[in-house]
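Structure, as structure tokens:
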């Protein structure tokens, strides 16, 4: 089957955050929304049909995860990521952010130190601080148009601080890196030596773009396996974030039992019937849709890159290796961040994410979501060109 990713779908009236919060966050409603990290593509037909069949049953009582649900995850991880896990290693969690918040609660104390590597997904910082922990920063290094980890900086940090946890973004958001096995192995060596738990947010794991391969942190070595708590979901991949279908994968028995001891008394491991239904359909029936979607997204990324090069050379795209998010380097415009945001919102009529929300290293950057029909992206790029070169 060929899927139509060019279709324009009206999301107004569906409580879509990217539309509902435009006025509140950007001060305008007439903006092209290229910010919130969900896509404007219809979810795969197999997921829609599976949900319809479940709805038509008409009874929505208490639901337990089936063996088929768990098997769908286990088989997907082996087939797509070459990662062999057991069903007992997998547990539902009600969201990736909630999942690492629970881990912070269970595995660190108030005032404890948690390492993050900015610029990075902003809830890493916000949640950690909100839970009364201290954030320790090990900034990434931008070199030749791609980010790399500062292992020298990390070694200094762990030698000088009593850190209990590192939250890893793999693949990286907003930079789009698929970290290499060598990089992840070195990270594992450092954290294992200092008894640091690595909580790996791998929500974009399934979205490695053509020519790239995602590597699960826990899969690179025995050391990584022993210190890892991995959180994944089909939500970004198949555009079902509103269904809440995340899960944790924890091979280490001691870590898994402690995590479950936190979840179970609060009934946080109890998923919903729609999460179970959608996840199984996604992983068992939608791989062809995913491959076509990734090809389409790569085409959108190529469009952004070529358009900027030809028409707005002051802005350069940090080309992602995974996901539908493009990190735009706008530093050559020489604008203060407030004026940069104003340019995008008030002159180009675009809603993008302000780079500074991702922390140190985000100044002069904006994050663009290209998971949308190409005609909408073209319109947005034309608006930006007119705003900068009227």
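Conditions (1) within 30 Å of residue 202 (Cβ to Cβ); (2) in the same structural domain as residue 238 (by TED's automatic domain parsing); (3) out of contact with any helix residue (DSSP H, G or I) (no Cβ under 9 Å at 6 or more places or on another chain), marked per residue:
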site	(1), (2), (3)
297	yes, no, no
301	yes, no, yes
304	yes, no, no
312	no, no, no
315	yes, no, no
321	yes, no, yes
325	yes, no, yes
337	yes, no, no
340	no, no, no
**OP:** Return yes when residue 39 is outside the structural domain of residue 351 (by TED's automatic domain parsing) and closer than 19 Å to residue 290 by Cα and no when it is not.
**Re:** no
Subject >> Failed item, numbered, when residue 152 is tested on (1) free of Cβ contacts under 8 Å to residues at least 40 places away in the same chain; (2) farther than 23 Å from residue 129 by Cα; (3) assigned to a loop (DSSP other than H, G, I, E, B) >> reply: (3)
**OP:** Please work out if residue 81 is within 25 Å of residue 172 (Cβ to Cβ) and touching a strand residue (DSSP E or B) at 6+ places or on another chain (Cβ under 6 Å).
**Re:** no
Original post:
Residue check: is residue 247 under 18 Å from residue 165 (Cβ atoms), within 16 Å of the chain's Cα centre (by Cα) and assigned by TED's automatic domain parsing to the domain that holds residue 95?
Top reply: no
**OP:** Being exposed (fewer than 12 other Cβ atoms within 10 Å of the Cβ) and farther than 14 Å from residue 189 by Cα is the filter here, so list the residues in the stretch 145-155 that pass it.
**Re:** 145
Original post:
So which residues in the stretch 104-116 are touching a helix residue (DSSP H, G or I) at 6+ places or on another chain (Cβ under 8 Å) and surrounded by 20 or more Cβ atoms within 10 Å (Cβ to Cβ)?
Top reply: 104, 114, 115, 116
Subject >> Scope the stretch 72-109; condition more than 30 Å from residue 134 (Cα to Cα) and in a helix (DSSP H, G or I); matching residues >> reply: 72, 73, 74, 75, 76, 77, 78, 79, 80, 81, 87, 88
**OP:** Please determine, by comparing only the residues of the stretch 124-144 that are in contact with a helix residue (DSSP H, G or I) (Cβ under 7 Å, 6 or more places away or on another chain) and crowded, with 17+ Cβ neighbours inside 10 Å, which one is farthest from residue 112 (Cα to Cα).
**Re:** 138
**OP:** Under 9 Å between Cβ atoms, at least 6 apart or on separate chains: pull out the pairs that start in the stretch 166-180 with a residue that is not assigned by TED's automatic domain parsing to the domain that holds residue 133 and end on any residue that is surrounded by 24 or more Cβ atoms within 10 Å (Cβ to Cβ) and in a loop (DSSP other than H, G, I, E, B).
**Re:** none
**OP:** Mind listing whichever residues of the stretch 359-371 are touching a helix residue (DSSP H, G or I) at 6+ places or on another chain (Cβ under 9 Å) and in contact (Cβ under 8 Å) with a residue 40 or more places away in the chain?
**Re:** 359, 361, 362, 365, 367, 368, 369, 370, 371
Subject >> Flag for residue 356 being under 24 Å from residue 88 (Cα atoms) and touching a helix residue (DSSP H, G or I) at 6+ places or on another chain (Cβ under 7 Å) >> reply: no
**OP:** Can you tell me which residue within the stretch 54-71, out of those that are assigned to a helix (DSSP H, G or I) and touching a helix residue (DSSP H, G or I) at 6+ places or on another chain (Cβ under 8 Å), is surrounded by the fewest Cβ atoms within 10 Å (Cβ to Cβ)?
**Re:** 67
Original post:
Restricting to helices (runs of 4 or more DSSP H) lying wholly in the stretch 226-318: which have 1 or more residues that are out of contact with any strand residue (DSSP E or B) (no Cβ under 9 Å at 6 or more places or on another chain) and free of Cβ contacts under 8 Å to residues at least 24 places away in the same chain?
Top reply: 253-263, 287-311
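The values are calculated or read from the model by the stated rules, or taken from the named source; none is laboratory data. Because the structure is a prediction, the values reported are computed rather than measured. Backbone-built Cβ (ideal geometry, glycine too); neighbour counts: all protein chains shown.
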